[in-house]
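The values are calculated or read from the model by the stated rules, or taken from the named source; none is laboratory data. If you're wondering where the values come from, they're calculated on a predicted model, not measured in any experiment. Note that each Cβ is placed from the backbone with ideal geometry, even for glycine, and that neighbours are counted across all protein chains shown. Each accessible area value is taken on the protein alone, full model and side chains, heavy atoms only, with ligands, DNA and RNA left out. Shrake-Rupley method; radii C 1.70, N 1.55, O 1.52, S 1.80 Å.
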Amino acid sequence: MGSINAFSRSTRWRVGAIGLTVGLVALSAACSSGSGSTSAVSGSSKQTITFAESGLGTEGAQTQKAINAFEAANPNIKVNVQVLSSDSTTYLSQLEHDFISGSTTPDVFESDVTYPAKFAQAGWVLSLAQFNPNMSQFFPHEVAAGTYNGTDYAVPWFDNPEGLFYRTDLIKTPPTSPAQVVSDAEAALKTDKQLKEGIAFEADKYEGAITAFLTVDSAFGGSLDPENVNTPGNVAALNWLHAAIYTEHIAPTAVTGWQEGQVEQEFVSGYAAFAINYPFVESLATAAPVKGHVGYIPFPAGPGGTPGSALGGEMLAINAKTAHAQAAWKLIEYLTSAPVEIARAIATGDPPSLPSAYTSQLYSAAPYFAAVKTLNSYSAARPVNPNYLAVSADLQTLFSSVYANSASNAAQQAFASNAATIKSAANATPAG
């Protein structure tokens with residue numbers, strides 16, 4: 001893997017008060033004058049812009065390094081970096097405080113993939129239409145996460161797809177169906193007495209339970225549309241995860257309290273044959289018995305399904321009130337250029353949002369990025385909805401109730417009884 005650093009879980013998977021991933025969002029409003037800004041400063045004028053992020057440690061240092069290079073290439077533009085809280089709830093509150101007050105700063109900011117619709121609906125971020133962005137150069141699933149009512153509001157900065165890890169020394173060929181995941185896990189448990197579980201996954205009552213579900217969902221033909229979550233595919237996907245605990249016994253009941261950190265520890269310690277998690281796990285698998293024995297694939301499809309992965313990642317967007325829209329856009333273009341994304345990936349492990357950035361240079365530093373690129377082709381976004389926080393809270397309650405219930409029809413009953421509530425949450429008039 002070379003000298004590449006481990007993924008920063010504190011940034012890539014921050015969990016808020018109701019368990020929602022955040023990093024902040026990006027976009028502008030279809031319901032207001034967000035399609036234009038208060039910009040009167042041309043991109044060629046001497047000026048200072050503020051970039052808000054939550055980057056700490058290696059990630060923060062790499063962002064500053066890129067900004068230093070940007071300033072050298074654009075001597076008329078000075079960038080002040082505003083490091084906000086690494087706690088998601090506080091970070092979101094800080095941004096919302098600025099936006100609600102009509103502040104012109106930060107001019108440009110980091111955003112989690114789940115927030116564009118919320119911020120666009122509120123009119124807090126700028127439509128990117130005036131810049132004629134070439135969004136086709138990015139992975140389309142993350143582009144969709146930054147699109148609201150047909151308008152682009154956020155640019156993919158880096159992707160973080162969740163998928164299926166497996167031990168290549170115990171499972172010689174990657175499974176090609178959900179049923180084979182079960183049989184391979186059962187066989188591995190019989191072969192290696194050090195294993196404690198056949199599969200580890202996030203089933204605590206938090207946002208990670210939603211992305212773990214999404215990783216499996218499309219394999220059964222499911223789609224997490226809040227207008228109607230009670231579909232055969234969704235029920236089948238949750239049935240599979242529930243059965244892994246209570247019927248097949250390849251996952252312990254302890255997973256009902258696990259987040260991605262516990263899942264990572266079980267896998268890298270050699271206790272799990274499979275694990276649903278993010279790419280950072282690969283960079284932590286540095287000791288026996290897992291070192292050199294890690295595979296990473298989309299969750300294999302069943303009949304009528306497609307390979308599964310859940311989209312995570314960060315985006316960049318512009319404050320609708322900025323007076324420096326052109327300079328802010330120049331910074332976004334620079335930070336999302338292939339050479340800068342490659343350098344960031346090598347230094348921090350953040351997967352590039354550009355397919356063109358997956359090059360021999362990147363693979364020589366970290367060969368597992370080839371697998372990450374494959375997963376990025378399948379990653380499913382969570383519902384793009386201004387009310388996603390409320391939808392997320394209801395989904396977490398649904399999944400938690402199923403994982404706490406050993407009855408074989410728990411998933412079917414939960415989707416049937418919660419579908420109307422989730423639809424209502426998605427269609428409620430957003431506050432503010």
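Couple of notes before you dig in:
- Note on segment 130-173: residues that are in a strand (DSSP E or B) and among the hydrophobic types (A, V, I, L, M, F, W, C) total 5.
- Among the candidates Ala371, Ala323, Ala328, the residue that is surrounded by fewer than 23 Cβ atoms within 10 Å (Cβ to Cβ), on the phi < 0 side of the Ramachandran plot, hydrophobic (A, V, I, L, M, F, W, C) and more than 17 Å from the chain's Cα centre (by Cα) is uniquely Ala323.
- Yes/no for Ser127 being open to solvent by 20 Å² or more (accessible area, probe 1.4 Å), within 18 Å of Ala325 (Cα to Cα) and not in a strand (DSSP E or B): no
- Within segment 65-81, being surrounded by fewer than 16 Cβ atoms within 10 Å (Cβ to Cβ) and of a type outside the set (D, E, K, R) holds for Asn68, Ala69, Ala72, Ala73, Pro75, Asn76, Asn80, Val81.
- Scanning segment 348-359 for residues that are in a helix (DSSP H, G or I) and over 13 Å from Ala338 (Cα atoms) gives a single hit, Thr348.
- The residue pairs whose first member lies in segment 281-299 and is closer than 21 Å to Pro351 by Cβ, whose second member is acidic (Asp, Glu) and open to solvent by 20 Å² or more (accessible area, probe 1.4 Å), and whose beta carbons are closer than 7 Å, counting only pairs six or more residues apart or on different chains, are Val294/Glu282; Tyr296/Glu282.
- Residues considered: Ala426, Ala416, Ala381. Of these, the only one that is open to solvent by less than 40 Å² (accessible area, probe 1.4 Å), farther than 22 Å from Glu162 by Cβ and aliphatic (A, V, I, L, M) is Ala426.
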